[in-house]
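Notes follow once the structure below has been shown.
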Amino acid sequence: MAETVERPGAMTTAPPQVRKITFDDVQAALAAGVKDFVTVPGFGFVLGGIYALGGIAILASVFAFHLSYLAYPLLSGFVLIGPFIAAGLYEVSRELEAGRTPTWSQVIGTIFAQRKRELGWMAFISIFAMIIWLYQVRLLLALFLGFANYATFDDFARVLFTTTDGLSFLVVGHIVGLALALAMFSITVISFPLLMDRDVDVVTAMITSVNAVVTNPGPMLGWGLVVVFFLALGCIPAFLLLPLALPVLGHTTWHLYRRTVVPLA
């Protein structure tokens, strides 16, 4: 499916139209995302590195304050703000798609200009979702395990995997987390690049994103699994591969958006 370049920030009053895509489109978008990263790797390494440093800071903080049992839920919530961190990568891909060479001044300027548009609200929604996730984790901890603090992660893991309450917490927590992750994926998978590309409001962007998932459940679920795989691969070895994983995901998200939303006439 061919991609058509649109004028950046194009004004439109008509709601964005979603089209059917296939797994081939997801594969083609992923290939295009990898190509963008290889073409201008500096942007991806820097933005991915910043994201990785954020994860390292969270991990270091929970261990420093003897809250190691919160490491997993905190890092799981940290993943929710990934699409916002990748906003600069959408702009890089847009410039490459238009045949232009992206520069740091242009990319940073475009991101900074978003403060006057709707992307900031989308970022707020992502951060709010992370806060809700952390609150529900604390609530489930209180319901299943009480208000005890655990001296070490090993103590917490022993309670989780060797007691009925611990196993119940794991099952319920992952079910709730999966529901929140699916909801956030549905409202953000298209909305962030759409807000970067067109002058639409945040509600329209979220509705378009959900519509894209409902219209293409199979390919979008497949893309969601790819996202989980790449992020897990990037985070597990002390975030060392996150500067590689985030750029590929960010660039691919742009190309997937271009294949999913009908271009302006």
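Before moving on, here are some points about what is shown:
- Which numbered condition H66 misses (of (1) part of a loop (DSSP other than H, G, I, E, B); (2) under 21 Å from the mean Cα position of the chain (by Cα)): (2)
- Of the residues making up segment 119-142, not a single one is in a loop (DSSP other than H, G, I, E, B) and free of Cβ contacts under 8 Å to residues at least 60 places away in the same chain.
- Residue tally, condition exposed (fewer than 15 other Cβ atoms within 10 Å of the Cβ), assigned to a helix (DSSP H, G or I) and either out of contact with any helix residue (DSSP H, G or I) (no Cβ under 9 Å at 6 or more places or on another chain) or of a type in the set (D, E, K, R) (or both), over segment 165-200: 6
- Segment 216-265, subset part of a helix (DSSP H, G or I) and aromatic (F, W, Y), residue farthest from V79 (Cα to Cα): Y257
- One residue stands out in segment 92-139 among those that are under 19 Å from the mean Cα position of the chain (by Cα) and of a type in the set (D, E, K, R): the one that is surrounded by the most Cβ atoms within 10 Å (Cβ to Cβ), namely R94.
- Cβ-Cβ distances below 6 Å connect the following pairs, each with a first residue in segment 92-106 that is more than 11 Å from H255 (Cα to Cα), a second residue that is at pLDDT below 90 and outside any helix (DSSP H, G or I), and a separation of six or more residues or different chains: A98/V5.
- Considering residues of segment 79-112 that are of a type in the set (F, W, Y) and modelled with pLDDT under 80 only, the residue farthest from P41 (Cα to Cα): F112
Matching residues to (1) in contact with a Ser or Thr (Cβ under 8 Å, 6 or more places away or on another chain); (2) farther than 22 Å from F124 by Cβ; (3) crowded, with 22+ Cβ neighbours inside 10 Å:
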residue: V202; (1), (2), (3): yes, no, no
residue: T208; (1), (2), (3): yes, no, yes
residue: P219; (1), (2), (3): yes, yes, yes
residue: F230; (1), (2), (3): no, yes, no
residue: L233; (1), (2), (3): no, yes, no
residue: I236; (1), (2), (3): no, yes, no
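- Inspection of segment 205-228 finds no residue satisfying the criterion of being modelled with pLDDT under 90 and on the phi > 0 side of the Ramachandran plot.
- Residue identified as surrounded by 14 or more Cβ atoms within 10 Å (Cβ to Cβ), modelled with pLDDT under 95 and in a helix (DSSP H, G or I) among L53, L30, L59: L59
- Cβ-Cβ distances below 6 Å connect the following pairs, each with a first residue in segment 21-38 that is over 12 Å from T260 (Cα atoms), a second residue that is at pLDDT below 95 and small (G, A, S), and a separation of six or more residues or different chains: F37/G44.
- Selection within segment 143-152: residues that are part of a helix (DSSP H, G or I) and surrounded by 18 or more Cβ atoms within 10 Å (Cβ to Cβ). The member of this set that is modelled with the lowest pLDDT is L145.
The values are calculated or read from the model by the stated rules, or taken from the named source; none is laboratory data. None of these values were measured; they are calculated from a predicted model. Cβ sites come from the backbone with ideal geometry, for glycine too, and all protein chains shown count toward neighbours.
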